[in-house]
Amino acid sequence: QKEVEQDPGPLSVPEGAIVSLNCTYSNSAFQYFMWYRQYSRKGPELLMYTYSSGNKEDGRFTAQVDKSSKYISLFIRDSQPSDSATYLCAMGHDSGGGADGLTFGKGTHLIIQP
Amino acid sequence: DAGVTQSPTHLIKTRGQQVTLRCSPKSGHDTVSWYQQALGQGPQFIFQYYEEEERQRGNFPDRFSGHQFPNYSSELNVNALLLGDSALYLCASGLGTLGFAEAFFGQGTRLTVV
């Protein structure tokens with residue numbers, strides 16, 4: 001079992017729809033949860049960062065973390081064609097000697113149809 | 001404010017050769033991490049540098065080595081290149097040893113080994 005599971009898609013939705021992206025994980029030590037957006041042939045861009053469980057909202061984006069279920073979500077409201085990209089979830093923890101590197105999912109390819 | 005910059009953007013090397021990739025962190029950041037992203041996969045953590053020392057390392061062989069300079073810039077060296085080393089190499093910068101928690105990524109160096 002991989003540490004982080006993410007459906008690669010593609011996920012295709014019409015413009016204006018609410019998009020739900022999800023990841024599950026197996027390592028209960030993870031404390032930090034991030035969502036990145038990556039356009040083709042570009043580096044990942046940090047969208048949302050959450051520490052431990054809970055919700056965080058930023059504009060059209062909402063991130064949710066449920067540590068009891070080992071499940072994280074990213075919701076995109078009023079989706080736009082410019083949101084078409086690959087969305088990567090990433091997780092990390094402090095092992096005591098400093099932070100370990102992030103563990104990423106494979107990414108979900110999202111297509112917003114005009 | 002310049003973000004994370006990487007050079008070169010593209011590189012073609014022959015199997016068995018050695019390569020050096022370079023990264024300048026975002027202004028004010030002192031931690032640099034390197035990731036390898038194969039096509040269709042999420043980034044995989046190679047190692048992290050802080051205070052000119054390798055602090056954390058992922059599951060990569062000793063052929064992968066690095067360095068951090070007093071100005072916080074960093075190099076990634078890969079020896080005895082294999083075809084499987086072909087990937088996008090990403091540099092991320094942050095602040096302190098928990099700097100990954102809000103890591104900013106560069107555009108990456110696309111390495112092709114032939």
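Here are the numbers:
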read-out	value
For B:VAL19, B:VAL4, order by how many other beta-carbon atoms lie within 10 Å, fewest first	B:VAL19, B:VAL4
Trypsin sites (Lys or Arg not before Pro) within segment A:26-114, DSSP loop, no more than 16 other Cβ atoms inside 10 Å	A:ARG41, A:LYS42, A:ARG60, A:LYS67, A:ARG77
All Cα pairs of chain B, percent lying beyond 19 Å	38 percent
Count of Lys pairs (Cα-Cα under 18 Å; at least 8 positions apart or interchain) in the protein assembly as shown	8
Over segment B:32-114, relative contact order from alpha-carbon pairs under 8 Å, at least 6 apart, %	28 percent
Residue exposure sequence - B:THR14, B:THR20 - by fewest surrounding Cβ within 10 Å	B:THR14, B:THR20
Cα-based Kirkwood hydrodynamic radius, segment A:1-53, one decimal, Å	13.4 Å
Angstrom value of the Kirkwood radius, inverse mean 1/r, which spans all Cα pairs in segment A:14-114	14.0 Å
Trypsin sites (Lys or Arg not before Pro) within segment B:46-114: DSSP coil, no more than 13 neighbouring Cβ in 10 Å	B:ARG63
For segment B:23-102 versus segment A:41-92, the gap between their alpha-carbon centres in whole angstrom	23 Å
Contour minus Cα-Cα distance for B:GLN18 and B:ARG110 (0.36 nm per residue)	31.6 nm
Loop GluC sites (Glu not before Pro), segment A:1-62 (other Cβ atoms within 10 Å of the site Cβ: 15 or fewer; DSSP)	A:GLU3, A:GLU15
Taking all pairs of distinct alpha-carbon atoms in the protein assembly as shown, Kirkwood radius in angstrom	18.0 Å
Cα→Cβ-extended label distance, 7 Å offset, between A:GLU5 and A:ILE18, nm	2.5 nm
Contact order relative to length of chain A, as percent, for alpha carbon pairs under 8 angstrom and 6 or more apart	36 percent
Neighbour-count ranking [beta-carbon atoms within 10 angstrom, fewest first] of B:LEU82, A:LEU47, B:LEU76	B:LEU82, A:LEU47, B:LEU76
Relative counts (whole %) of C-alpha pair distances in segment B:20-79, using bins that are 5 Å wide	4, 19, 29, 26, 15, 6, 1
Efficiency of FRET from Cβ geometry, B:GLN41 and A:SER73, R₀ 25 Å, rounded to 0.05	0.70
Calculated from backbone phi, Karplus (6.51, -1.76, 1.60) coupling profile of segment B:49-64 in Hz, x at Gly/Pro	10, 8, 6, 6, 10, 6, 9, 9, 9, x, 8, 10, x, 5, 4, 9
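We did not get these values from a lab; they are worked out from the coordinates using the rules stated. These figures come from a predicted structure and were not determined experimentally. Backbone-built Cβ (ideal geometry, glycine too); neighbour counts: all protein chains shown.
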